[in-house]
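Written out below as structure tokens is the structure these notes cover.
The values are calculated or read from the model by the stated rules, or taken from the named source; none is laboratory data. Note that the coordinates shown come from a computational prediction; the quantities given were computed from them, not determined experimentally. With ideal geometry, Cβ positions are generated from the backbone for all residues, glycine too; neighbour counts draw on all protein chains shown.
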Amino acid sequence: MQIIEQRKVYDAIIVGSGAGGGMAANILSENGLKVAVVEAGPFFDPKDPTTMTQLKYPWESPRRGASTKRAFGDFDMSWGDWEVDGEPYTTKEGTDFKWWRARMLGGRTNHWGRISLRFGPKDFKHKDVDGLGDNWPISYSDVKPYYDRLDKMIGVFGTNEGLPNDPDGFFLPPPKPRLHELYYIKGARKTGIPVIPSRLSILTKRINADRGVCFYCGQCNRSCNAYADFSAGSCLIFPAQKNGGQIDLYTNCMVKNVTTNKEGLATGVSYINKEDRREYELSGKVVVLGASACSSARILLNSKSSTHPNGLGNSSDHVGRYLHDSTGAGISVFVPDLMNRKIYNEDGVGGMHVYSPWWGDNSRLDFPRGYHIEVWGGMGMPSYGFGYNVEAMNEYVGGTTGGYGNKLRDDVKRFYGSVLGMAGRGEAIARYDNRCEIDPKVVDEYGIPVLRFDYKWSDYERLQAKHMIESFHEIAHNMGGIVLGDKPGKDKDYGLLAPGQIIHEVGTTRMGDNPKTSVTNKWQQLHDAKNVFIVDAGPFTSQADKNCTWTIMALSMRASENIVSELKKMNI
Amino acid sequence: MKRRESLKTLIVGGVAGATVGSVGCKSETQQKIKNEVLPGGGYGRTPAELKHDALVMSEDYFNKHELETIAVLCDIILPSTDSAGSATDAGVPEFIEFIVKDLPNQKSPLRGGLMWLDGESNRRFNKRFQDCTQDQQISIVDDIAYADKDNRKPNMAPGISFFNRMRNLTLTGYYTTKMGFDDLGYVGNRPNLWDGVPAEVLKDHEVDYEPEWIAKCINQDSREAIAEWDENGNLLT
């Protein structure tokens, strides 16, 4: 097949347009660089009425929002989920790994939970605390200035609490708690677990003239047409274009590999245009990978050449290793005091108004690292699944289970808004053996070799999940609630969800000072090719008990400014 | 126009967010034009998803008798009240007709359950369920509409699980319509300003906001003032 070369040479080619790629596009273009952004999915703008789902009613969908075609339901704004048509992945025997990919401009930032937590000082040096995993080659003080700028640039609500490992920032004021959240506060406090306002990148207050302010529809997962929540397109790429940034968007273009020269330096990328199914090449002085931790690893592993026979950046055989997702487990709780509610609009922001950061002292616990608690509940908008088994709730209040007619109508109303839930999101230990690698036998529909996952939880994570479930039961009891469903035992890993299900994959191109045990240096630059950088969560040496997006963006900002400065100094 | 066709038109109308008061017979061309006018099928679909919807809608699954039996059951589950319409008024049978084709693992249990119901009805009354009197229908329903934890009616077990499925689909189909929203009282999904739980609700639940917590929360009067901070992260505006 003839490969078609574009004549234009870019200062930088950015692969992926989500949190990391979007930030790189913003910073590099605003510094005058000519950049190409190559995205494997179509163009997407939350404002576009053709694709918009925000404020749609369930009856506008014939399936009422069921998850037939989108894993998180009809109205969720992610094109692509744990399955993408024509783009499989495989797993080794005994591995149950789920890999979410959003194929669209802005990637997963269009539907994510907007939970925007800084990593704390301990999170960068956790080996010093418990001897497990590795320290990052950078510390909180290296990243703090970027977090500070990020808070102001993107906007995040929250509160300064002076906590040692959940740093303060530049916050917008949070929304007031909803009723079920007041019940959670009561239950958690009685259990000795602290609760503070949540930290979400949603604008409760104006930050500039271009983006709107939240109007409380509770649908951030549908992507906000007022740009009042953070999505990489609306908040990073479009504003940079508006400011005159030279950004060429290559959408529906799936990068296959990074091209290199005899010296082993990157010369650009090779990609498949999904529309005409032909292969093209783009030339650039610098290649910035922000395709997601696993996709960037895949591209590197598929970039084999005589100078990089094991894949680009993989002389250490570390690309794809140390893959880890957050741990997760959760419960649902029925609160009899929340029956027969007075009805009012409590949609609020799209996500929780309160949460519990990690409070525990691991020296007195049987597992390392921590987790935070997310809370859900309330009188949400009915969609597919609403009313399922509502009459069975009578079991808990001494009523008759079953029925039809007016009794059933009454049950729907009596129990509406009386169930809430808690979910733990915690830190796993990064392990050398947990990895993604190229499956030598399988290609996707573009002829590109696919990833194979090999991942197992250890007792560290299982015991953490056990602690989550036990804490949730105690909180439930202390708010007068009844836990729905059985308590998962050892045979079910105490409710620990499969890796990948929390969608926080990190670590596949981890940063470190030693080129033999890491893929990138502290500037997220490949040890093996100085003009290739990685700005997604691949370079994370360890995850924290926090969501990864805010750190992806702070680090992408830092790495991108370093690229500008190194280019100016003619170092790359 | 045949009932099957009418169901299809109703569903297509639902997708397109039709505003016409009555759905009459439409030529294929008219229908096609309407769908093209509404980009994304009216609910933000991608081209691939639109194709999927069209494929689902083009399939015939239930026969006339099955659809009519579904309608009878739907209205036993949710009959009309003084203030709210019935399940068939809300178009629940049409929703069920679509969803079992969209989620094919619903097909066999539902079709088999209908067959079980007719079998039971034939055994008792020598008639199909649809052709029974209302009293006869209710006498069967009363045997399958409640949980049977002690297994006192083992022969009814398939009926109980079928009725449970029908009840779930009917509730979901009903409460995801405008009629269902009105019956429930749901008032969200619109721009508004959240400013906390109403005072009387706080009182009813014997909870309150702590002054120090609430002091940190957004004052909705200042939401339009562009945020500025001092160097320590204290908000100034």
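Among the residues that make up segment B:171-180, is at least one of them within 8 Å of chain A (Cβ to nearest Cβ) and farther than 27 Å from B:Ala84 by Cα? Outline the logic, then answer.
Step one: filter segment B:171-180 for residues within 8 Å of chain A (Cβ to nearest Cβ), giving B:171-178, B:180.
So of that shortlist, the ones also farther than 27 Å from B:Ala84 by Cα come out as none.
Within segment B:171-180 (the criterion being within 8 Å of chain A (Cβ to nearest Cβ) and farther than 27 Å from B:Ala84 by Cα), the answer is no, since none of the residues qualifies.
Select from segment A:359-413 the residues that are in a loop (DSSP other than H, G, I, E, B) and aromatic (Phe, Trp, Tyr) and list them in ascending order. Walk me through it before giving the result.
So the first thing to find is which residues in segment A:359-413 are in a loop (DSSP other than H, G, I, E, B), and the list is A:359-361, A:365-370, A:378-389, A:397-401, A:403-405.
Hits for segment A:359-413 are A:Trp359, A:Phe367, A:Tyr384, A:Phe386, A:Tyr388, A:Tyr404.
Mind listing whichever residues of segment B:64-90 are in contact (Cβ under 8 Å) with a residue 60 or more places away in the chain, not in a loop (DSSP other than H, G, I, E, B) and not polar (S, T, N, Q)?
B:Lys64, B:His65, B:Leu67, B:Glu68, B:Ile70, B:Val72, B:Leu73, B:Cys74, B:Ile76, B:Ile77 - these are the residues of segment B:64-90 that are in contact (Cβ under 8 Å) with a residue 60 or more places away in the chain, not in a loop (DSSP other than H, G, I, E, B) and not polar (S, T, N, Q).
Filter segment A:185-201 for residues that are buried (at least 21 other Cβ atoms within 10 Å of the Cβ), within 11 Å of chain B (Cβ to nearest Cβ) and more than 26 Å from A:Val213 (Cα to Cα) and give the result.
The answer is A:Ile185, and nothing else.
Quick one: would you say A:Leu420 is within 14 Å of another protein chain (Cβ to nearest Cβ), buried (at least 23 other Cβ atoms within 10 Å of the Cβ), more than 19 Å from the chain's Cα centre (by Cα) and part of a strand (DSSP E or B)? Full working, then the answer.
On the way: within 14 Å of another protein chain (Cβ to nearest Cβ): yes; buried (at least 23 other Cβ atoms within 10 Å of the Cβ): yes; more than 19 Å from the chain's Cα centre (by Cα): yes; part of a strand (DSSP E or B): yes.
Yes, satisfied.
Only residues that are at the interface with another protein chain (Cβ under 7 Å from one of its Cβ atoms), crowded, with 19+ Cβ neighbours inside 10 Å and not aliphatic (A, V, I, L, M): list them for segment A:42-61, please.
Of everything in segment A:42-61, those that are at the interface with another protein chain (Cβ under 7 Å from one of its Cβ atoms), crowded, with 19+ Cβ neighbours inside 10 Å and not aliphatic (A, V, I, L, M) turn out to be A:Thr51, A:Thr53, A:Lys56, A:Tyr57, A:Pro58, A:Trp59, A:Glu60, A:Ser61.
Here is a list: A:Glu181, A:Glu263. Which entry is touching a residue at least 40 places away in the same chain (Cβ under 8 Å) and either assigned to a helix (DSSP H, G or I) or within 14 Å of chain B (Cβ to nearest Cβ) (or both)? Write out each step before concluding.
Working: A:Glu263 fails: either assigned to a helix (DSSP H, G or I) or within 14 Å of chain B (Cβ to nearest Cβ) (or both).
Testing whether each residue is touching a residue at least 40 places away in the same chain (Cβ under 8 Å) and either assigned to a helix (DSSP H, G or I) or within 14 Å of chain B (Cβ to nearest Cβ) (or both) leaves just A:Glu181.
Which residue is surrounded by the most Cβ atoms within 10 Å (Cβ to Cβ), if the candidates are limited to segment B:196-215 and must be touching a Phe, Trp or Tyr at 6+ places or on another chain (Cβ under 9 Å) and either within 7 Å of chain A (Cβ to nearest Cβ) or acidic (Asp, Glu) (or both)? Let's see the steps before the verdict.
From segment B:196-215, those touching a Phe, Trp or Tyr at 6+ places or on another chain (Cβ under 9 Å) are B:196-198, B:201-202, B:205, B:207; that's our starting set.
Checking which are either within 7 Å of chain A (Cβ to nearest Cβ) or acidic (Asp, Glu) (or both) leaves us with B:196-198, B:201, B:205, B:207.
On the way: B:Gly196: 20, B:Val197: 24, B:Pro198: 13, B:Val201: 17, B:His205: 17, B:Val207: 16.
Here the answer is B:Val197.
If a residue must be of a type in the set (A, V, I, L, M), at the interface with chain A (Cβ under 10 Å from one of its Cβ atoms) and free of Cβ contacts under 8 Å to residues at least 60 places away in the same chain, how many such residues does segment B:91-118 contain?
Within segment B:91-118, the subset of a type in the set (A, V, I, L, M) is B:92, B:96, B:99-100, B:103, B:110, B:114-115, B:117.
Those still in the list that are at the interface with chain A (Cβ under 10 Å from one of its Cβ atoms) too: B:99, B:103.
Still in the list and also free of Cβ contacts under 8 Å to residues at least 60 places away in the same chain: B:103.
Result for segment B:91-118: 1.
Could you check segment A:314-334 and list, in sequence order, the residues that are in a loop (DSSP other than H, G, I, E, B) and either aromatic (Phe, Trp, Tyr) or buried (at least 22 other Cβ atoms within 10 Å of the Cβ) (or both)? Before you say what the answer is, go through the steps one by one.
Taking segment A:314-334 first, the residues in a loop (DSSP other than H, G, I, E, B) are A:314-320, A:322-323, A:325-326.
If the condition is that a residue be in a loop (DSSP other than H, G, I, E, B) and either aromatic (Phe, Trp, Tyr) or buried (at least 22 other Cβ atoms within 10 Å of the Cβ) (or both), then A:Asn314, A:His318, A:Val319, A:Gly320, A:Tyr322, A:Leu323, A:Asp325, A:Ser326 are the ones that fit.
Which of the helices (runs of 4 or more DSSP H) contained wholly in segment B:140-237 include at least 1 residues that are in the same structural domain as B:Val72 (by TED's automatic domain parsing), at pLDDT below 95 and farther than 30 Å from A:Phe75 by Cβ? Before the answer, list the steps.
On the way: elements: B:157-175, B:178-184, B:199-204, B:211-214.
Here the list is empty.
I need the full set of residues from segment A:90-112 which are farther than 21 Å from A:Ser296 by Cα and part of a helix (DSSP H, G or I), in order please.
Within segment A:90-112, no residue meets the criteria.
Just a yes or no: is a residue in segment A:113-121 in a loop (DSSP other than H, G, I, E, B), of a type in the set (Ser, Thr, Tyr), out of contact with any Gly (no Cβ under 9 Å at 6 or more places or on another chain) and away from chain B (no Cβ under 14 Å)? Steps first, answer last, please.
Just the residues of segment A:113-121 that are in a loop (DSSP other than H, G, I, E, B), to begin with: A:113-114, A:116-120.
Pick out the ones that are also of a type in the set (Ser, Thr, Tyr) and you get A:116.
Restricting the remaining residues to those that are out of contact with any Gly (no Cβ under 9 Å at 6 or more places or on another chain) gives none.
No, because not a single residue in segment A:113-121 is in a loop (DSSP other than H, G, I, E, B), of a type in the set (Ser, Thr, Tyr), out of contact with any Gly (no Cβ under 9 Å at 6 or more places or on another chain) and away from chain B (no Cβ under 14 Å).
Can you name every residue in segment A:62-99 that is over 15 Å from A:Gly385 (Cα atoms), among the aromatic types (Phe, Trp, Tyr) and surrounded by fewer than 19 Cβ atoms within 10 Å (Cβ to Cβ)?
Hit for segment A:62-99 is A:Trp82, nothing else.
Give the number of residues within segment A:1-41 that are acidic (Asp, Glu) and surrounded by fewer than 18 Cβ atoms within 10 Å (Cβ to Cβ). Walk me through how you get there before you give the answer.
Residues of segment A:1-41 acidic (Asp, Glu): A:5, A:11, A:30, A:39.
Narrowing further to those that are surrounded by fewer than 18 Cβ atoms within 10 Å (Cβ to Cβ): A:5, A:30.
Residues in segment A:1-41 being acidic (Asp, Glu) and surrounded by fewer than 18 Cβ atoms within 10 Å (Cβ to Cβ): 2 in total.
For A:Pro175, work out the one condition from (1) within 9 Å of another protein chain (Cβ to nearest Cβ); (2) under 28 Å from A:Lys242 (Cα atoms) it doesn't fulfil.
The failed condition is (2).
Please state which of the following conditions A:Ile4 fails to meet, knowing it meets all the rest: (1) touching a Phe, Trp or Tyr at 6+ places or on another chain (Cβ under 7 Å); (2) modelled with pLDDT of 95 or more; (3) β-branched (Val, Ile, Thr).
Status for A:Ile4: all satisfied but (2).
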